[in-house]
Structures are given as structure tokens and as C-alpha cells.
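Report on one structure; see the data block that follows.
The values are calculated or read from the model by the stated rules, or taken from the named source; none is laboratory data. Only a predicted model underlies this, so the values are computations on that prediction, with no experimental measurement involved. Reconstructed Cβ throughout: ideal geometry from the backbone, glycine too, with neighbour counts over all protein chains shown. Surface accessibility is based on the protein's heavy atoms, side chains included, excluding ligands, DNA and RNA. Shrake-Rupley method; radii C 1.70, N 1.55, O 1.52, S 1.80 Å.
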Amino acid sequence: TFRQVLKTCVGRRDLVTGKSLHALYLKNLVPFSAYLSNHFILLYSKCGCLSAAHHAFNQTQHANVFSFNVLLAAYARQLRIASARQLFDQIPQPDLVSYNTLISAYADCGDTESALSLFKDMREKRFDTDGFTLSGLITASSNNLCLIKQLHCLAIYCGFDHYASVNNSLLTCYSRNGFLDEAKRVFYEMGEIKDEVSWNSMVVAYGQHREGLEALQLFQEMVSLQLGLDMYTLASILTAFTSLEDLVGGLQFHAHLIKSGFHQNSHIGSGLIDLYAKCSGDMRDCMKVFEEIPQPDLVLWNTMISGYSQKEEYSDQALGCFKKLNRVGYHPDDCSFVCVISACSNLSPSLGKQIHALTIKIEIRSNRISVNNALVAMYSKCGNLEDARRLFDRMPEHNTVSLNSMIAGYAQHGIGMEALRLFEWMLETNIPPTNITFVSVLSACAHTGKVAEGQKYFSMMKDMFGFEPEGEHYSCMIDLLGRAGKLTDAERLIEAMPFNPGSIALKAANHFLQLEPSNAVPYVMLANIYAASGKWEEVATIRRLMRDRGVQKKPGFSWIEVKKQMHVFVAEDGSHPMIKEIHNYLEEMSRKMKQAGYVPDKEKRLVHHSEKLAVAFGLLSTSYGEPILVMKNLRICGDCHNAIKFISAIAGREITVRDTYRFHCFKDGRCSCGDYW
């Protein structure tokens, strides 16, 4: 009876009753047995009372291998790897369970080398291995694809491929390393041995690869088979709706989650926030989801910061959310920093430097390279290309994102030759480029007149790396050929394009208009497309539709940081405390510019555009010779671009304007873009 009650306590994790039984046992009211002693260790370890489990272990008169294994598993669950290894070395005769437990512990903390060393020790001592040994090793292999494939071969050779756990580990590792087809092959070849973990892992794999339709189809099969669903599966279904941009489906699934009680789960909440941030763009919905989670974890905080950082107008909120994360006691990780650094790219250089200092002060234990990549991109976007390159050169390792960030920085600043040199170095070091890399490279070729190189890289995309050229790649090539006067070649390339960019843009804008009738972007897109085609009646219809629906175009604004304080200007703005001085300065500067040959655009009221106000304020508020940086949320207009060239020459200052397309570095009456943007 005593044994049965104790066994029930262990199963139910009934710590209170278990302690009462342990007291009776220690008073010798129940005869000693190894079985009972081991089950008291098991009770405390399963209830998370590691110190009590260790104490019970020390009280065991004749500890056997089961006693050691129970405590070993408890250490492993809490990732106390050093203690687990120390205990393992004390086992007189470790068995297969001992080895498997420690290998799994190493796998959970990503220590591939130690897991393999232990496996080698097993082989040398002629220990029999099983499927669970292989499962732990495969999980420990992490990003080492070659090792994963070797272990896959070993599993087949030893006959362990009939273990569901082995196949599940292979499926997960292949997916994480970007090999979805291999993951699918493992899943569908499992046949009848597939368990609920297999199905859930495959749905997660589809979600990771943004294969929304496949994830939803598999989910429907799981529901029809009445298989159990875990939080990772449900979160992956949310990812599927996000990848399909299916907000309606996502809303319906959110309702299902509320009914089933999953909506307050932190992992599910992260999926919901990501859905609303990317599909609706309304961060108020994201905040509602966040506030419904009783105990938000670090991942949930990171998802909120990421949601804010994806939109330029919410950059302040992203920074505020990052500060709150620290105040509530969480230590930011690599993901926290990547998101907030991205937000700082839209704020001020000084804030970015403060976050950079914080990344140095706080030890980031994993994925440091992603933080460095974000910092390189941030410095480039803030106009500080020198610091971006300095940080890039000091990085202990580089990956594709590192090179993409630096090459894009040079291309956006109009330093095409350096962008091309860096791309050649990328190829020499066997760092694989992406289609994003080629956009920056072809843009650099266009701005440096490198026709032969541009044609070589354009061909290289498909011939060497298998990338099908997209609209942006064709646009860069047409620009390159047009600038070089090779109009026949440009025309031939346009005719060879596998799509009609005008029709695609028109279709996309119409679809966008149906989805978001209150958003000004699709109206402006359609008006521009029709205007370019000379369809003025359609242009008038679109503008009339905007007036009738009360839709307003996104207002242009510019901002500049002076003495660590941000100053924001809107066209025709009269709210700034120095606005009179700014207007007087612009009037005086306008007279000097006209004397120097400047001809203003008389058809538009562009005198007090936001970028001119910001530039004037910057010149008034900084010392002579000090360069200034202005940021703008829209594309700089032609008149302002022309005017700032004259201002830079007359004022003798270096003026940089970052718009939504690129950097314009004005100096001595010239712009780095070569009057093309």
C-alpha cells in the first residue's frame, strides 16, 4: 500500500503527501528498500525540488545506477550541465540511460563537441546504443549539416530509423537548416510510426519556411485524425496565416484560440502579435494581445519590440518597449538588441550609439553576429559609413547578412566601387550571396558605369547561384544600360522580361486598395501608374475617390538631431520655436542661390518643404564646418535636391539627407547620387 501511494504521488506530483510519506520512511516506520528511496528522489526531482532530491539521494544507503540516473535527469532538466557531468563521473557503472541522459543534456544546451565526445566514449567501451542515443546526437548537431547527414546514415545502417524519436530529430534539424524537402522526405517515409510529435514538428517546419498552405493542409489532417495539438503547432498555424497575409483567417483562428483557452499562452501570444503587426499594421491590436498574457516572457517582449520596429512611425514605441523590458527585470538577448537597433536606425545616431555601448556592456552569449550585423546596418542608415566599416572590419566572423549590410550601405551612399570590391571579396571567401545582394551590386554598377561588370553579375545570378532575376534586378540593369547609352540593349532586355512590371504594379495596387480602402498608399500608387501612362481621367477618378473617402496622403516630415535632441519639421511648419529665424535664413539663402544660378520650381510651393526647414535649422544650430544629417520619411523632391546642392556650396558645409530610397551627400554643390535617385 505504501509503495502504491508513493507511486501515485510521483505520478500526480503531489509534493505535500509525498513529504508526509518521506517523514514516515525516515522514522523507520516503513522498512528500507532501494525502490522506495529511489522513488523519493524521483518525486522531488519531478516536482522541481532539486535540493530536496539531492538530499534524498545522499540519504540513500545503497544508491544504485537508477538512483544516479534520476538525479542526473533532474540536473539535466534544469540545464545544470557541470553538476550533471560531475555526478555522471561518480556513477560506478553507468548504463545506457546514464549516457543518453547526459547526451540529451548536452544537446539541450547546444554543446555538440561534448555530446560527440561522450558518444565516442560509449563506442570505445562497446556500449550498445539505441534510438534515443541517436536522437540526442542529432539534436546536438545543431547547424552542422554534414554531421546530421552522417548520423542519418548511421541510424539507417544500425536500424534505428524505425524509432519515431530519431526521425523527429532529423525532421527538426533538416528544417532548421533550411532543407524543407529533406524534412518532408523524412516525415512521409515514416509511415505508420509517425506520432503526434512527428505531425507537430512537420507543421512547425512548414511554418518556419513560410509554406502557409501546406501548414494549414497538414493541420486540417491532424484535426480530422483527432491528434493532440501543442502550442508550437498552434503558433505555426498563426505563422502560416501571417505568411499568406490572411488576416481574416488569422482572426478566425484567434477566436478559436480564445475558445480553447490558448490565447493567454505566451508562445501563442507571440504568433498573434506577429500576425497583427505584419497583416493589419495596427499596433493597438498587438498591445491588446500583449496585455492579455498574464506572465509575458522575453520572447513576447521581443515580438512587441519587433512589431514596433517594423514601422518607422513606431520607432519611439520600440525603444520605449525595450526600456520597459529592462525595468521589469528581463535581460535583453540578441533578438532584443537586433530589433531595437533597427528602430534606432529611424531615430537618431546618438541613440544607436547608446544601444551599441549597452551591447558591449552586456554579455550576449549567443548569436553575437546578428547584433553586429544590425549595428553595421544602423550606422550605414544613420549616414555614418566610417563607423559601419570600422565595426565590420572588427567582427570576428562574417556571414551573408554582414556582407549584404555593408554592400548596401556603400551602394546607398553612392560609393559603388567599394561596394563592388566588397562583393568580389565575398565571392573569394565563399560567402554565398542572395538575391538582395545582387540588387545592391547591380545598383552600384549603374552608378559607376560598369556595364561589363553589371552584365556579368546579372548572368551570374542565375548561372552560378540559381536566382531568377526579379523586377528590381531588371530595373537596375535597364538603368545601367540606359546611362551608358546602350538603348538597344536596354530595349532588348525589356522585351525579354518574363513579366510586365506595369501590369503587375497595377494589379497589386488594386488589390491593396480593396484590402485597405483607408490607406493612402494604393491610391498614390494607382495615380502614379495612370499618370505615367497618360491616363489623366483615371488619375482624376482616383483623386476624387480619395476626397470622397476622406483619405489623406501621408504627410512628409524631416528630422535632425542637434545636441542629442531631436527636432522634427513638417512642410509649412510654424510650430518650431526658431521658425522665424529659419524662414529669414531661407529667404537670405534664396537670394544668394538665385545669384549663383538657382532656378526654383515656380509651379509648386516648395519653399518651406520639411527637408529645407531641417537643413536651415541644422546650419543655424551647429558650428561652421560641422557636417549635418537630415532624415526624411518620403522621397526628396527635385526642387529640394537642387536647392540643397546650392546651399552646400554657399554655406561651405557637408549636408547629408537620407530619404526612403538612398543617401544624398551634398558637398561643394554636388550630390553623391549624381543627380539620379
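At a glance:
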quantity: Sole exception among (1) surrounded by fewer than 20 Cβ atoms within 10 Å (Cβ to Cβ); (2) in contact with a Phe, Trp or Tyr (Cβ under 9 Å, 6 or more places away or on another chain) for Asn28, by number; calculated: (2)
quantity: Options Asn38, Asn28: the member that is in a loop (DSSP other than H, G, I, E, B) and not small (Gly, Ala, Ser); calculated: Asn28
quantity: Residues of region 362-388 classified as under 14 Å from Ser348 (Cα atoms), hydroxyl-bearing (Ser, Thr, Tyr) and open to solvent by 10 Å² or more (accessible area, probe 1.4 Å), total; calculated: 1
quantity: Enumeration of residues in region 403-448 that are open to solvent by 50 Å² or more (accessible area, probe 1.4 Å) and either assigned to a loop (DSSP other than H, G, I, E, B) or basic (Lys, Arg) (or both); calculated: Ile415, Arg421, Thr429, Asn430, Pro432
quantity: Lone unmet requirement of (1) crowded, with 18+ Cβ neighbours inside 10 Å; (2) under 25 Å from Gly383 (Cβ atoms); (3) not charged (D, E, K, R) for Gly320; calculated: (1)
quantity: Test: residue in region 148-161 that is closer than 22 Å to Glu221 by Cβ, of a type in the set (A, V, I, L, M, F, W, C) and surrounded by fewer than 23 Cβ atoms within 10 Å (Cβ to Cβ); calculated: no
quantity: Every residue from region 107-126 that is closer than 18 Å to Asp95 by Cβ and buried (at least 16 other Cβ atoms within 10 Å of the Cβ); calculated: Ala115, Leu118, Phe119, Met122
quantity: Search result, residues across region 202-227 that are hydroxyl-bearing (Ser, Thr, Tyr) and either more than 23 Å from the chain's Cα centre (by Cα) or farther than 14 Å from Asp181 by Cα (or both); calculated: Ser224
quantity: Helices (runs of 4 or more DSSP H) fully within region 310-398 counting 3 or more residues that are outside the structural domain of Asp659 (by the TED database) and under 19 Å from the mean Cα position of the chain (by Cα); calculated: 315-327, 334-344, 349-361, 368-381
quantity: Strands (runs of 3 or more DSSP E) enclosed by region 561-677 - at least 2 residues per element that are open to solvent by 20 Å² or more (accessible area, probe 1.4 Å); calculated: 565-570, 663-667
quantity: Selection within region 295-334 - aromatic (Phe, Trp, Tyr) and either in contact with a strand residue (DSSP E or B) (Cβ under 6 Å, 6 or more places away or on another chain) or within 19 Å of Leu347 (Cα to Cα) (or both); calculated: Tyr308, Tyr314, Phe322
quantity: Odd one out for Gly352 among (1) in contact with a strand residue (DSSP E or B) (Cβ under 9 Å, 6 or more places away or on another chain); (2) open to solvent by less than 10 Å² (accessible area, probe 1.4 Å); calculated: (1)
quantity: Matching residues, region 1-22, being open to solvent by 40 Å² or more (accessible area, probe 1.4 Å), within 19 Å of His55 (Cβ to Cβ) and assigned to a helix (DSSP H, G or I); calculated: Leu15, Val16, Thr17, Lys19, Ser20
quantity: Glu424 of a type in the set (D, E, K, R) and in contact with a Cys (Cβ under 6 Å, 6 or more places away or on another chain); calculated: no
quantity: Region 175-210, residues that are open to solvent by 50 Å² or more (accessible area, probe 1.4 Å), closer than 20 Å to Tyr163 by Cβ and aromatic (Phe, Trp, Tyr); calculated: Tyr188
quantity: Qualifying residue in region 395-404 (condition: over 26 Å from Gly110 (Cα atoms) and free of Cβ contacts under 8 Å to residues at least 60 places away in the same chain); calculated: yes
